[in-house]
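Colleague: Here it is, the structure, as structure tokens.
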Amino acid sequence: MGVSGVEDDEFGTLERAGEMSVLRYRRRLAHPQNKVWRALTEDAHLAGWFPTTMEGPRSAGAPLHFSFRESEGEPFDGEMLAFDPPSLMELRWADDILRFELEPDGPGCVLLLTVTFPEHGKAARDGAGWHVCLEQLAHVCDGTEPPWKPPDRWRVVHPGYVERLGPEAAVIGPPEEWERVHGDDGGGQ
């Protein structure tokens, strides 16, 4: 067991790609690719793990609109960049690019999530956030409720990302809206 009660191989990794930062995650899920694909793309399942709504057609080039479910911030626009069921969904989520890839793996599948973003200083914050989202996604696929609330889990996972990614990746903490809704994180960035 690694930092914050999280297996070491569950942490996302961070690299720089020119002016952009890139977080990468790899998760093995014990469910068939089609089931995980539905959880990744269908509104009824997104509500259980994705931080916003996703309004708009599920097709490459389609404009998208996103809204936070708990008044954590202003709605924003994006775009579906690629959509190839049941293996690839890539979208622009505000200034970030989210790429979800599924590969069959025996009776289950492997999910690869790549998050590309311009503000390196938010890597630990967002890294912990996507980490928690992926844990929630596993629960959605399992048909179970997580034993924690997402903001509480983020507070547990975040220090591990700060430690792993370094202080330059942890200069931007939670948005004021998030702290207003979920309470201050205790100052730990």
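The values are calculated or read from the model by the stated rules, or taken from the named source; none is laboratory data. The model shown is predicted, which means the values in this text are computed figures rather than measured ones. Backbone-built Cβ (ideal geometry, glycine too); neighbour counts: all protein chains shown. Remember, those area values only see protein heavy atoms, side chains included, never the ligands or the DNA or RNA. Shrake-Rupley method; radii C 1.70, N 1.55, O 1.52, S 1.80 Å.
Colleague: Return a yes/no flag: does segment 6-15 have any residue that is over 13 Å from Val110 (Cα atoms), in contact with a helix residue (DSSP H, G or I) (Cβ under 7 Å, 6 or more places away or on another chain), assigned to a helix (DSSP H, G or I) and at pLDDT below 95. Give the derivation first.
Modeller: Taking segment 6-15 as the starting set, the residues that turn out to be over 13 Å from Val110 (Cα atoms) are 6-9, 11-15.
Applying the additional criterion that residues be in contact with a helix residue (DSSP H, G or I) (Cβ under 7 Å, 6 or more places away or on another chain) yields 6, 11-12, 14.
In the following step, the residues that additionally are assigned to a helix (DSSP H, G or I) were identified as none.
No: segment 6-15 contains no residue that is over 13 Å from Val110 (Cα atoms), in contact with a helix residue (DSSP H, G or I) (Cβ under 7 Å, 6 or more places away or on another chain), assigned to a helix (DSSP H, G or I) and at pLDDT below 95.
Colleague: If you don't mind, there's one more thing I want to ask. Condition first: outside any helix (DSSP H, G or I) and open to solvent by 30 Å² or more (accessible area, probe 1.4 Å). Now tell me which residues in segment 36-54 satisfy that.
Modeller: Taking segment 36-54 and keeping what is outside any helix (DSSP H, G or I), we get 42, 47-54.
Scanning segment 36-54 gives Glu42, Ala47, Gly48, Pro51, Thr53.
Colleague: Tell me the helices (runs of 4 or more DSSP H) entirely within segment 82-189 that contain at least 2 residues that are under 17 Å from the mean Cα position of the chain (by Cα). Let's see the steps before the verdict.
Modeller: Details: elements: 123-142, 150-165, 176-182.
Correct list: 123-142, 150-165.
Colleague: Something else now. If Gly143 satisfies every condition in (1) free of Cβ contacts under 8 Å to residues at least 40 places away in the same chain; (2) under 20 Å from Arg26 (Cα atoms); (3) among the small types (Gly, Ala, Ser) but one, which is the exception?
Modeller: Every listed condition holds for Gly143 apart from (2).
Colleague: Another question, if that's okay. Every residue in segment 75-107 that is loosely packed, with under 15 Cβ neighbours inside 10 Å and touching a residue at least 60 places away in the same chain (Cβ under 8 Å), please.
Modeller: Across segment 75-107, the qualifying residues are Glu103, Pro104, Asp105, Pro107.
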